[in-house]
Amino acid sequence: YTILSKVHSDRNVYPSAGVLFVHVLEREYFKGEFPPYPKPGEISDDPITFNTNLMGYPDRPGWLRYIQRTPYSDGVLYGSPTVENVGKPTIIEITAYNRRTFETARHNLIINIMSAEVDFPLPYQAEFFIRNMNVEEMLASEVLGDFLGAVKNVWQPERLNAINITSALDRGGRVPLPINDMKEGVYVMVGADVPFSSCLREVENPQNQLRCSQEMEPVITCDKKFRTQFHIDWCKISLVDNTKQVSTFQEVIRGEGILPDGGEYKPPSDTLKSRDYYSDFLITLAVPSAIALVLFLILAYIMCCRREGVEKRNMQTPDIQLVHHSAIQKSTKELRDMSKNREMAWPLSTLPVFHPVTGEIVPALHTDSYDNTSMPLMQTQQ
């Protein structure tokens, strides 16, 4: 059976390992502790939120979860205790915050985890995914009881327990759209002491596996017993038979790729001698700097002190080459000067000449009044 309890000040609860534990934090209990105190007959509906943590730690134990959808709804602590926590009292600090008056109230919940029976956890476990439920709705005792009753009719076990409940959001699910009252979905794991029924085994049929791979609904004969209240996603059901679980431990055979055992690790002593890094500093910075300085001086000597100069170049050049070079420079200079000043004398090719046939003097091609700014240096001979 599932253990349910209501909130009380410094209350001791005794859940069993491997059995779902649910603890309800009722807002009605804390309303009378926040001033101003409500008068008789007056209804107070202040927003109240809860914070839960393990005493001395900022969070809860790993097996314990907490959910409160809105400040106007009750909070719920739920989870499945583990065998490792048996015999260790777990003190949970519950702090209530009044969001209107900013007052707080704190209570302690002492969880004493008891050892399970001999055959617990139950060997045959099945996990169902219910699409039309949220986790806080499924944690209600009436709804959870109806679901266990439907599973019992299908499975027909002698003992049936709710082992754990997990929201689909904790399994990587997406937040549903706020349309058509969509739910986030919840996973419910139950355990029994008898093998799975033929109805639950139908999900393993090749036809149903093919339909699931094609994102189609499988054909399950007992689905109508759940459909009235719970929409089961049969493609996500998980059946675990712990009686057939074979140990996967294998003896390690030492060979290539496995390092030999180096014995127990011995950390270095706390009394280590201080190390002088001055010599390392000199080697790292001084030596490269000295080498760079020497290379810089050699390069400066080659570039500045070993220049041959113009005189030595002219002495090693033949005279005829220097004459040609000088003539080219003079001609280039004359052409540049002529292009800068177009008012200078006309070139010899434009001066008056004798007619080759009659011997008469032929006037110049252009008069002095002619605009010679756009005249080319040489005219085409007719």
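Regarding region 179-235, what's the average projected area of the Cα-atom convex hull, expressed in nm²? Write down the numbers at each step before the final one.
On the way: hull surface 20.8 nm².
Here the figure is 5.2 nm², rounded to one decimal.
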If Lys31, Lys266 are ordered by their accessible area, calculated over protein heavy atoms with a 1.4 Å probe, which sequence runs from highest to lowest?
Lys266, Lys31
So which lysines can Lys244 reach, going by Cα to Cα under 22 Å and dropping same-chain residues fewer than 8 places off?
Lys236
Roll a 1.4 Å probe over the protein heavy atoms and report the accessible area of Tyr29 in Å², nearest 10.
80 Å²
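Filter the cross-link list Lys31/Lys152; Lys88/Lys266; Lys183/Lys225 down to pairs whose alpha-carbon distance in this structure exceeds 29 Å.
Numbers: Lys31/Lys152 39 Å; Lys88/Lys266 33 Å; Lys183/Lys225 21 Å.
Result: Lys31/Lys152; Lys88/Lys266 exceed 29 Å.
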Under a 1.4 angstrom probe, counting protein chains only, how are His325, His231 ranked by accessible area, largest first?
His325, His231
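When the accessible area of region 11-113 is computed with all protein chains present and a 1.4 Å probe, what percentage of it is carbon and sulfur?
Numbers: 2770 of 5280 Å².
The value for region 11-113 is 52 percent carbon and sulfur by accessible area.
With viscosity set to 1.002 mPa s and temperature to 20 °C, compute the Stokes-Einstein D of region 124-244, Rh being the Kirkwood radius across alpha carbon pairs; µm²/s, no decimals. The partial results should precede the final answer.
Values: Rh = 15.0 Å.
Rounded, D is 143 µm²/s.
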Straight-line reach from Lys340: which lysines fall under 24 Å, measuring Cα to Cα and dropping same-chain residues less than 8 apart?
Lys330
Once Met182 and Thr332 are pulled to full extension, the length gained, defined as 0.36 nm per residue separation minus their Cα-Cα distance, is 44.7 nm
Whole-Hz Karplus couplings 3J(HN,Hα) for region 289-295, θ = phi - 60° and coefficients 6.51, -1.76, 1.60, Gly and Pro as x, run 5, 5, 5, 5, 5, 4, 5
Let me check something: with ligands and nucleic acids excluded, how do Met138, Met303, Met133 order by accessible area (1.4 Å probe), largest to smallest?
Met303, Met133, Met138
Taking N as the number of residues in region 11-113, the ratio of its alpha carbon radius of gyration to 2.2 N^0.38 Å works out to 1.17
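The values are calculated or read from the model by the stated rules, or taken from the named source; none is laboratory data. Being a predicted model, the structure only gives us computed values, none of them experimental. Heavy atoms of the whole protein, side chains included, go into the accessibility calculation; ligands, DNA and RNA do not. Shrake-Rupley method; radii C 1.70, N 1.55, O 1.52, S 1.80 Å.
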